Amino acid sequence: MNIFVEENIPLLAQSLKPCGDVITFSGRNLRNEDLRKGDCQMLFVRSTTKVNEELLKGTNVEFVGTATSGIDHIDTDYLKSKFISFVYAPGSNANSVAEYVVFSILKWGEQNNKDLSKVTIGIIGYGNIGKLVAKYTNYMGLNILVNDPPLKDSGYGFPSFAHYCELDEMFNSSEIITNHVPLTLSGEYPSSGLINARHISCLKDSSLFIHTSRGGVVDEEALTGNIKKKKLFLSIDVWENEPFINSILAQEAIIATPHVAGYSYDGKLRGTMSMLNGFRKFFNIEPDTGAITGESSGYCPLTANQYLKYKELYSLLSNSRNIDNDTRKLTESLKLSDELRKQAFDNLRKNYPNRREIL
């Protein structure tokens, strides 16, 4: 049994060694001929590998796993048409992204001498990440607005500490906006271009806009046109044309990172375990998960009462996640040629350090 594993999925190759021959590959570089020549039957990826007909046609792949919660890089319709089993890792990186959002808020608050207990945050998308952002910002004493039409239509009962509102009201009422929706192109509520020029024009002066969902959800051109006009503070992790990112936004943002908000070590471990559980169910083969279980035991979150100590929390997150260093490295890469910028973006993700969660 030949198993292809994208690099930068912690301990996955080690866990699968008892199950077959493991071949590792670099994301974005995998080709159809590689899978055919290697007689790949199982494929494990992250978001840099586009899994579609072009990659899989004529191969023997029968199982695909992605260590991500987002699946816009996977052509699930094609997998279904070819009876290829598929697993992903919903919620695995949610806490990592929520930490990134909390750090962004604390950094903005520190730079603007804000009393966060008097600040309103608008959370777009109330899934795994949105719920955690609401939970943590509630601990921090913020006023919370949420928007999630599909969830509202389902009859979901939003918590008493979060006020539901439409997008226009949210943009007019919030000092902070953060979005956590998947990238969808169809359906009743497509998210492509969801946050448009009209919404962005309604952002309050000196407000904080956090973008960690997927490139394409936000109109980057409109955001670029309003940065200086409204003195916006931006925290951006995802970009429309990755790895060729918008250099103006990256240079102007207080935080600009190469799609790594969900890259905490703990989040990666959860994503790895999700895929291994799916693999176990499909093949009825037991992988070796001992190392992952051992590493996961190192997660020790803060208690709720520590969230109101803003300066201390800011310092703890600065040290544990070192997001400012990620920003420095990305902005330095903008001086390079296009091809070297592309390589730098991918290398920053591929060689991302192991950083533990504390929330």
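The values are calculated or read from the model by the stated rules, or taken from the named source; none is laboratory data. Small disclaimer: the values here were computed from a predicted structure and weren't measured. Reconstructed Cβ throughout: ideal geometry from the backbone, glycine too, with neighbour counts over all protein chains shown.
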Of (1) assigned to a helix (DSSP H, G or I); (2) in contact with a helix residue (DSSP H, G or I) (Cβ under 8 Å, 6 or more places away or on another chain); (3) closer than 25 Å to S26 by Cβ, L336 fails just (1)
Could you please let me know if D288 is touching a residue at least 60 places away in the same chain (Cβ under 8 Å), assigned to a loop (DSSP other than H, G, I, E, B) and surrounded by 14 or more Cβ atoms within 10 Å (Cβ to Cβ)? yes
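Residues to consider are G141, G125; find the one that is of a type in the set (G, A, S) and surrounded by 17 or more Cβ atoms within 10 Å (Cβ to Cβ).
Details: G141 fails: surrounded by 17 or more Cβ atoms within 10 Å (Cβ to Cβ).
Going through G141, G125 in turn, the sole match is G125.
For segment 55-152, which fully contained helices (runs of 4 or more DSSP H) count at least 3 residues that are small (G, A, S) and either closer than 23 Å to D205 by Cβ or touching an Asp or Glu at 6+ places or on another chain (Cβ under 7 Å) (or both)?
On the way: elements: 76-81, 94-112, 128-139.
Answer list for segment 55-152: 94-112.
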Please go through segment 229-261 and pick out each residue that is among the hydroxyl-bearing types (S, T, Y) and within 22 Å of T49 (Cα to Cα). T257
In segment 217-249, what count of residues is obtained for those that are in contact (Cβ under 8 Å) with a residue 40 or more places away in the chain, closer than 23 Å to D72 by Cα and surrounded by fewer than 22 Cβ atoms within 10 Å (Cβ to Cβ)? 3
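For segment 34-53, check the following and say yes or no: at least one residue is within 20 Å of A261 (Cβ to Cβ), assigned by TED's automatic domain parsing to the domain that holds K281, within 19 Å of the chain's Cα centre (by Cα) and not hydroxyl-bearing (S, T, Y).
So the first thing to find is which residues in segment 34-53 are within 20 Å of A261 (Cβ to Cβ), and the list is 45-49.
Filter once more, so that each one left must be assigned by TED's automatic domain parsing to the domain that holds K281: 45-49.
Within this subset, residues satisfying the condition of being within 19 Å of the chain's Cα centre (by Cα) are 45-49.
Now restrict to residues that are not hydroxyl-bearing (S, T, Y): 45-46.
Yes: one or more hits.
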Against the condition surrounded by fewer than 17 Cβ atoms within 10 Å (Cβ to Cβ) and either polar (S, T, N, Q) or touching a strand residue (DSSP E or B) at 6+ places or on another chain (Cβ under 7 Å) (or both), how does N60 come out, does it pass? yes
Quick check: is even one residue across segment 20-40 in contact with a Cys (Cβ under 7 Å, 6 or more places away or on another chain), assigned to a loop (DSSP other than H, G, I, E, B) and surrounded by 15 or more Cβ atoms within 10 Å (Cβ to Cβ)? no
Sort out which residues of segment 76-124 are closer than 26 Å to L43 by Cβ and of a type in the set (V, I, T), and write them in order of number. T76, I84, V87, V97
Among (1) in contact with a Ser or Thr (Cβ under 8 Å, 6 or more places away or on another chain); (2) in a helix (DSSP H, G or I) - the single one R355 does not satisfy: (2)
Output for Cβ contacts, cut-off 6 Å, separation at least six or different chains, first residue within 18 Å of L276 (Cβ to Cβ) and in contact (Cβ under 8 Å) with a residue 40 or more places away in the chain in segment 50-67, second β-branched (V, I, T) and part of a loop (DSSP other than H, G, I, E, B), reads A67/I9
